[in-house]
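These notes are about the structure you will find just below.
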Amino acid sequence: MTMASPILELEGVSKNFGGLKVIDNLSFKVMPAERVALIGPNGAGKTTAFNLITDLYRVDSGRIVLDGRDITTVPSRKRIGLGIARSFQNIRLMPHLTVLENVMIGQSAHNASALAMFQPVNLFPGNRWRVHAREALGAAGLGQYALETTGALPYGIQKRIELVRALLSEPRILLLDEPAAGLNPSETEELRQQLNETSRRGVTLIVVEHDMHFIGAFCQRVVVLNFGCKIAECSPHEAQADPLVREAYLGSDEELGQTHAA
Amino acid sequence: MTGYLEGVFVLLAINIILAYGAFLPMAAGQLNLGVAGFVAMGAYIAAYLSNEYAWTPLAAALAASIATAAIAFVVAFPILRTRGIYLALATFALGQVVQATILNLNVVGGASGYPVSTFLGGGMVGAVALAVVIVVIALFHTRLGISLTAVSDDEIAADMMGLSVRWLQTVAFTLGSAVAALGGALYAHHFSFVEAQNFGIMASLYIVLYVLLGGTQTVWGPILGAAVFTLLPELLRGSASWRYVIFACLIIAVMVFRPQGVVTTGMLRRLLDVCRPRALPQGGK
């Protein structure tokens, strides 16, 4: 094992909502180009962890370190410019923009200065940013949807558009919140190819997902959360055998025994 | 052109400009119910420059527009801290403050109104309106246009994508106020008289209605809305005192059957599809 330094590090991160500890002293590291899954039962704090990494919520305590730099106090809109992009559990594409315009919003990360705002992206078909966005859609096999509005498109297509939008910000870390949820098997396969391609280009992937087959086939490591605490950090295979993990998902053997007895 | 027709034409040109003044902040998701206050600022500042410093009408209008933009930019910071209905109320109050201030300013005639010494012809008003339309349409084909729509669609996702929501909303509010002020300045110089009473909440409501009726999603909506609001009352003149009743019922009907406004992005796309030759069935490369 080489002594590579982690690209992302959470150090004792906590978040309370009212009196409720949703994330409790969470620490983990992610190495460059790694594929990590964040798993756990409903309400374990997986999406909250993403929201803290992207500063949708500010941490109450602890540090978030990106590439050795403390970014705990960097505001949300600047984190994507540092290389942290995300997709949302419930797709958040802009309903009044076309697919092409939506993915061009992804270019804002390195391109939202006052001057950049005057780029005539919709005035000339040959505009460099427009062409670039079109090529990205084409490469993802979504070229034919470029000029459609997003609302009417199938769920699976919208998910992949959101992925292209995130990728156009040229992220170093991509946070995917349940990318395979609601997809049929062929859509899941297309998604996995798209993610494999992304991973090959060196983008670090952190995935919240329930589909254990997907995780087993795609991720090298899992971080397991339960009630906001990390209860395991291991390979997907080991996680399935871990008694603590099984207990978190299924309840303890004792409880199970009681249920059977009743 | 008869005097009557020219009068209607000039009103149409000015109303289109005012509609864009309300449209710009609305495109970023902000309802500005104080837009008439900015129209008043533009009208009075331009009139004052013409009367006291003998500026030409166009130079005065331009300067008034820039000065109003500066004021709007400053008030944007406290005003845009509020959201939704509170933003609407805050802008409404701002409009009232402007109106009341003018009523108390004796240097511009106070409640008795303010005559304007120089005159701007209908042709020139039309030309400026055309320029405003072209500039706004061009602006909405830039990254700014899609970014404003993104902010009004989903502020959180826009922020996560790296857009500065506050900055974009401030820009939209400031630009809208500048455009509204330009319309006010043209109004002052064409009709040669301004009085504060004309710039109250009813004026703001009408201007906002142009946009809501025409549609807030595209740059074409405000033109249509302003045209309908200017021309329809004239066409209904035949039915004399009932025309405003018919007019109001039509507004209700549009709001019930087409709450998103008459012109929408979907409608424009379908129109384009019909007009476009079927050369690229597979679309894009």
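Any chance you could count how many residues in segment B:93-120 are within 28 Å of residue B:223 (Cβ to Cβ), under 21 Å from the mean Cα position of the chain (by Cα) and surrounded by fewer than 20 Cβ atoms within 10 Å (Cβ to Cβ)? So the count comes out to 0.
Take the residues in segment A:157-195 that are in contact (Cβ under 8 Å) with a residue 12 or more places away in the chain and of a type in the set (S, T, N, Q); name whichever of them is nearest to residue A:81 (Cα to Cα). Filtering first and then ranking leaves A:169.
Of the residues making up segment A:69-79, not a single one is among the aliphatic types (A, V, I, L, M) and either within 10 Å of chain B (Cβ to nearest Cβ) or outside any loop (DSSP other than H, G, I, E, B) (or both).
For segment B:55-110, the set of residues classified as under 22 Å from residue B:165 (Cα atoms) and not in a helix (DSSP H, G or I) consists of B:80, B:81, B:82, B:83, listed by residue number.
If you go through segment A:107-122 and keep only what is buried (at least 19 other Cβ atoms within 10 Å of the Cβ) and part of a helix (DSSP H, G or I), you end up with A:107, A:108, A:109, A:117.
Inspect segment A:194-204 for any residue being assigned to a helix (DSSP H, G or I) and farther than 18 Å from residue A:160 by Cα and give the result as yes or no. No, segment A:194-204 has no match at all.
Does residue A:171 qualify as being at pLDDT 95 or above, of a type outside the set (D, E, K, R) and part of a loop (DSSP other than H, G, I, E, B)? So residue A:171 fits the description; yes.
Applying the set (1) at pLDDT below 95; (2) buried (at least 20 other Cβ atoms within 10 Å of the Cβ); (3) more than 26 Å from residue B:145 (Cα to Cα) to residue A:52 leaves exactly one unmet item: (1).
Close contacts from segment B:121-147, counting a first residue that is more than 14 Å from chain A (Cβ to nearest Cβ) and a second that is hydroxyl-bearing (Ser, Thr, Tyr) and assigned to a helix (DSSP H, G or I), with Cβ to Cβ under 7 Å and a gap of 6+ residues or different chains, come to B:132/B:20.
Every test in (1) assigned to a loop (DSSP other than H, G, I, E, B); (2) hydrophobic (A, V, I, L, M, F, W, C); (3) under 23 Å from residue B:139 (Cβ atoms); (4) more than 7 Å from chain B (Cβ to nearest Cβ) is passed by residue A:100 save one, and that test is (1).
The values are calculated or read from the model by the stated rules, or taken from the named source; none is laboratory data. Keep in mind the model is a prediction, meaning the values are calculated, not measured. All Cβ positions, even for glycine, are placed from backbone atoms using ideal geometry, and neighbour counts span all protein chains on display.
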